[in-house]
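Have a look at this one before I ask anything.
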Amino acid sequence: MSKLIQLNLDFMGKRRWAFALSLLLVVISLGSLVAQQLKFGLDFTGGTLVELTYEQAPSLDQVRNRLEQAGYEDIVVQHFGTERDVMVRLNQGFTADVGQEVRDVLAQDTPNVHLQRAEFVGSQVGDELKEQGGIGMLVALAGVMLYVAFRFQYKFALGAVLSLAHDVIILLGVFSLFQLDFDLTVLAAVLAVIGYSLNDTIVVYDRIRENFRMTREGGPADLINLSINQTLSRTTITSLTTLMVLVALFLFGGEMIHNFALALIIGIGVGTYSSIYVAGTLLLRLNLQRQDMMLPVKEGAEDDGRP
Amino acid sequence: MLNRYPLWKNLLILAILAFGVIYSLPNFYSEDPAVQISGARSSTEVGAQAETRIQAVLQANNITPKRIDDSGKGLLVRFNSDQDQRAAKELIQQQLGQDYVVALNLAENTPKWLKDMGAKPMKLGLDLRGGVHFLLEVDMPAAVKQRLEVAAGQARTELRQARLRYRQVIVENGALNIRMARAEQMSDAARVLSKALGNEYTSEIDEDSGTLTFSLTEVATREIENYAIKQNLTTLRNRVNELGVAEPLVQRQGRNRIVVELPGVQDTAAAKRVLGATANLEFRLAAKPGANPMETESFSFRDNPNRSATLERDIITTGNNVSSASVGFDENNQPQVNIRLDGQGGRLMSQATRHNVGRQMAVLFIEHKTRTRITTNAKGEKMESRVPYTERNIISLATIQSELGSSFRITGAGTVQEASELSLLLRAGALAAPIYFVEERTIGPSLGQKNIDQGILSVEIGLVAVVLFMLAWYRLFGIFANIGLFFNLTLLVALMSLMGATLTLPGIAGIVLTLGMAVDANVLINARIKEEHHRGMSPHSAIHAGYERAFATILDANLTTLLVALILFSIGTGPVKGFAVTLSLGILTSMFTALMVTRMQVNWTLGRRKLTRLPM
């Protein structure tokens, strides 16, 4: 297991396939985002949510009927985690103790029902959060772009940001396509994915920069391919260990962070793929040349402002 | 001597690790369920006498407390179980009565020597501990309008005294508009009012319509807003104290919002009633029969909506002048609220009642509430809008028996509980500007415990998986990495405890994510070492070169991630912020442990040995 396996897979040779796949995924994602948007959770839409625990698994239809009889309109009733946990979402306005009211209504059928959680979010707060989240994502991308342009070169910056955008769009696309609840924790996960995927991309770029400076043979495509191969074992191992803890979080962390863990699992999957196939390919498309990577020639040193 | 650290470097690393161990320790001492007793007023002393009474009542009910401490702020009674704690709280509250605040609490068990070093455990967030979170919004336009109304009254008096005739003084579009009767008095009026109202206002004269407009300056508006927030904060803090919560948080958020967090509160409805019922009182005389309808208003009664009474529009005084209120019983053993007014309120009350003995005076109870309305917009989307409204009800209508001063009573406030709730609201002071709930989250205590258990379980499982994997893949270097990982977790917990960070569910998720990503640096280093060795370097040179060359990559990769975490921190609120803090600290500690701590171990175990092959 500890043998050094020097892989030499031809990633760049398959770049057209990878490009086609990425394009397809991005198009599907954008299509779904336009057509059916994201299914925003309570944090973003505002509204009321009540979580209850029963001693015995209740029938959801019965719960729904009972609440409708009591005059609650436009309600969503679903299981939350186990069969015995029920989540009720109401769009109607909030009165002082709607959580207790809902519990009392349901207790008419089954006395052993306990109120676990009641949340109310004003629609205005939700709108602000959407705005903040969007701005946050854009600021994060812009900050990353500046930093990478400063530390590397502008083509790398463009490549890094485009592959990040690729990851974020596909991640949001999955949430939109399957209409998974997009709440505050998922937003945090998306931002964490930006951080993680960037980390991955930078490691590959770092190697590309090094190889462009140190190696004399081979064209850009060969050098990028070499760099990806050299970092491949690291990329997969890190993704693997991270995915291991995330799967633990997904399976055992409880319902409240289920979607958070799921978003990170998808994001890290896509991020790993993109740092292997997309980030490098983008550099080729941007026509990265050896001279882009030359250390700055010191000829400007003489006329640096001194007379 | 490629793989040796100088002595000072080793000592520094060891010192940092020792720091991590010591400051993370307090988190391993479990907390006791406890009841905290403090005086309702700062003058009330909680001393030996109260302690004896508590011990007596607990003994009578077969509850044995674990320990009773004097925490400086009051007494802290620790129990062995949650059941004891809840039962004891009720008993102690009944025993001690209204002069004491009795609150549920969790008492830490950190040993004294750790406390002396400033070590303390992390606080648990509401999602882990159970409790209520409220976000309230202060109605700023209403605060500004209130100020303008006062200025309007002042303007009328000034104009009258200066014998300048006005047609109308009204508050309109966020400004004070004065229509003068005669055009030639306009400049005089402007001069008089500018002097009276001061530099908080800018004035404007419209000759054509004969209107003087006074509007608040930007600075003055900001000041009013700040004042409204501050007064609301004070009032809310008082009310929270009345509720008896151990570690409440009442904090301003942004320009016009206030966050209130009440850990451990079970009865959220009661909490919300006390906090949210931004009630005020108005004292008004009942209208004389046949009074001009323009000068009267009709209101229904709070306890009986079908009954109503007609009152004068003029307000004698408001709840703002109430300095204290308490529950008592009248001659018929019916609950009553005893009210004491401040100096100004007392003067106004005696002026108004002196010549009106025998007439009726009403106490009007004013509640600001919100109603959510769902409308459908042009695109067919459902839109939710929050409509604030004010409810005014008469809570008492009584005949004035004699001239009232600064101290009098209201009877007919309902049951004992209703009377005590009313007195509580009055005592805690009236709110300067109406507030509305814009967010509320309630987490039951059992859900909190479930979240803790699940969070810890997933950290453990994730940790074991990563440790086993690293061991299998990198053998000796895997052990180094795993020890580094252990210290990484220790340092992370130590830093979070020291900073007083609150541990939330997303915070635990951040720790889990950090664990996964922390090994990244070691993977990078180890992969590089293997590679350099493969290229023909000797084991020692390969180790040295591996650490050197991986460093630049690790730095670049981590700094960019840190950048994202900082952005997350600056835009996020609540849970997202918690996640960002954990993530940023995790990045820093993992860089330290991956680079320095593993290197130190490598140096110790392999540094002096001759190596013929790499032990990985």
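Looking at this structure, is B:GLU223 assigned to a helix (DSSP H, G or I) and either surrounded by 13 or more Cβ atoms within 10 Å (Cβ to Cβ) or in contact (Cβ under 8 Å) with a residue 12 or more places away in the chain (or both)?
Yes.
Now, a different point. Does A:TYR205 satisfy the criteria of being surrounded by 24 or more Cβ atoms within 10 Å (Cβ to Cβ) and either more than 10 Å from the chain's Cα centre (by Cα) or over 22 Å from B:ALA552 (Cβ atoms) (or both)?
Yes; evaluated as a whole, the condition is true for this residue.
If a residue has to be basic (Lys, Arg) and in contact with an Asp or Glu (Cβ under 9 Å, 6 or more places away or on another chain) to count, how many in segment B:200-240 make the cut?
So the count comes out to 0.
Of A:THR238, A:THR272, which residue is of a type in the set (S, T, N, Q), in the same structural domain as A:GLY143 (by TED's automatic domain parsing) and crowded, with 23+ Cβ neighbours inside 10 Å?
A:THR238
Now for a different question. Mind checking whether some residue in segment A:170-181 is within 13 Å of chain B (Cβ to nearest Cβ) and either closer than 14 Å to A:LEU38 by Cα or surrounded by fewer than 22 Cβ atoms within 10 Å (Cβ to Cβ) (or both)?
no
Can you find even one residue in segment B:542-552 that is at the interface with chain A (Cβ under 10 Å from one of its Cβ atoms), out of contact with any His (no Cβ under 7 Å at 6 or more places or on another chain), at pLDDT 85 or above and buried (at least 24 other Cβ atoms within 10 Å of the Cβ)?
The answer is yes; a qualifying residue exists.
Condition first: under 15 Å from B:GLN161 (Cα atoms) and not aliphatic (A, V, I, L, M). Now tell me which residues in segment B:195-211 satisfy that.
Passing the criteria: only B:LYS195.
Which residue is surrounded by the most Cβ atoms within 10 Å (Cβ to Cβ), if the candidates are limited to segment A:125-136 and must be touching a Ser or Thr at 6+ places or on another chain (Cβ under 9 Å) and at the interface with another protein chain (Cβ under 7 Å from one of its Cβ atoms)?
The qualifying residue surrounded by the most Cβ atoms within 10 Å (Cβ to Cβ) is A:GLY136.
Conditions (1) in the same structural domain as B:LEU498 (by TED's automatic domain parsing); (2) among the hydrophobic types (A, V, I, L, M, F, W, C); (3) at pLDDT below 85, marked per residue:
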| residue | (1), (2), (3) |
| --- | --- |
| B:LEU14 | yes, yes, no |
| B:GLY20 | yes, no, no |
| B:ARG41 | no, no, yes |
| B:ALA48 | no, yes, yes |
| B:SER71 | no, no, yes |
| B:ARG78 | no, no, no |
| B:GLN83 | no, no, yes |
| B:GLU90 | no, no, yes |
| B:GLN93 | no, no, yes |
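I need a count of the residues in segment B:439-455 that are under 18 Å from B:ALA509 (Cβ atoms), open to solvent by less than 40 Å² (accessible area, probe 1.4 Å) and facing chain A (nearest Cβ under 7 Å).
The total comes to 4.
Pick out the one residue from A:ALA140, A:ALA107, A:ALA118, A:ALA160 that is crowded, with 22+ Cβ neighbours inside 10 Å, within 30 Å of B:GLY130 (Cα to Cα) and either out of contact with any Leu (no Cβ under 6 Å at 6 or more places or on another chain) or free of Cβ contacts under 8 Å to residues at least 12 places away in the same chain (or both).
A:ALA118
The values are calculated or read from the model by the stated rules, or taken from the named source; none is laboratory data. Here the structure is a predicted model, which means the values were calculated and not measured. When we count neighbours, we look across all protein chains shown, and the Cβ atoms used for this are built from the backbone with ideal geometry, even at glycine. All accessible areas refer to the heavy atoms of the entire protein, side chains included, with ligands and DNA or RNA removed. Shrake-Rupley method; radii C 1.70, N 1.55, O 1.52, S 1.80 Å.
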